[in-house]
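A short worksheet on the structure shown next.
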Amino acid sequence: MTGIVSFPPVLGQNSYQRLLYQALGDHGFECVGGELKLGWLLANRRRAKVLHFHWPVEHWQHQRRFRRLGTAAKFALFALRLGAARLLGYRIAWTIHE
């Protein structure tokens, strides 16, 4: 089985996510928990191979005070983490809904 990490984590009330990962399970993928942090990415390279983003906006958009500056900083951190994940051999998958 190939480990796939869902961002955000699979929600019990979201039938789309349940059906998606159930179907991927039929093709050799197993949904595993994870974090988009360097320490986790380093420690779990053998356990997970794919990082799957459904709604990535929460990873790069800042919602509070100093929104513009916060978004720029949050986006830079997100880009660095994605770059590190790719260098470590992770595959990145996106599901675009909007």
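Quick notes on this structure:
- Selection of first residues in segment 38-66 that are assigned to a helix (DSSP H, G or I) and of second residues that are at pLDDT below 90 and open to solvent by 50 Å² or more (accessible area, probe 1.4 Å), restricted to Cβ pairs under 6 Å at least 6 apart or on distinct chains, gives the following pairs, ordered by first then second residue: W60/K74; W60/F75.
- Residues (open to solvent by 50 Å² or more (accessible area, probe 1.4 Å) and modelled with pLDDT under 95) located in segment 48-59: W55, V57, E58
- The single condition among (1) open to solvent by less than 50 Å² (accessible area, probe 1.4 Å); (2) modelled with pLDDT under 65 that H62 does not meet is (1).
- Within segment 76-98, the set of residues being in contact with a Lys or Arg (Cβ under 7 Å, 6 or more places away or on another chain) and either open to solvent by 80 Å² or more (accessible area, probe 1.4 Å) or free of Cβ contacts under 8 Å to residues at least 24 places away in the same chain (or both) comprises just one member, R91.
- Selected residue (criterion: most open to solvent (accessible area, probe 1.4 Å)) from residues of segment 1-11 that are assigned to a loop (DSSP other than H, G, I, E, B) and in contact (Cβ under 8 Å) with a residue 24 or more places away in the chain: M1
- Scanning segment 12-28 for residues that are open to solvent by less than 60 Å² (accessible area, probe 1.4 Å) and either in a loop (DSSP other than H, G, I, E, B) or at pLDDT 90 or above (or both) yields a total of 8.
The values are calculated or read from the model by the stated rules, or taken from the named source; none is laboratory data. The model shown is predicted, which means the values in this text are computed figures rather than measured ones. For neighbour counting, all protein chains shown are included, and Cβ atoms are generated from backbone atoms with ideal geometry for every residue, glycine included. These accessible areas exclude ligands, DNA and RNA; they are computed on the full protein's heavy atoms, side chains included. Shrake-Rupley method; radii C 1.70, N 1.55, O 1.52, S 1.80 Å.
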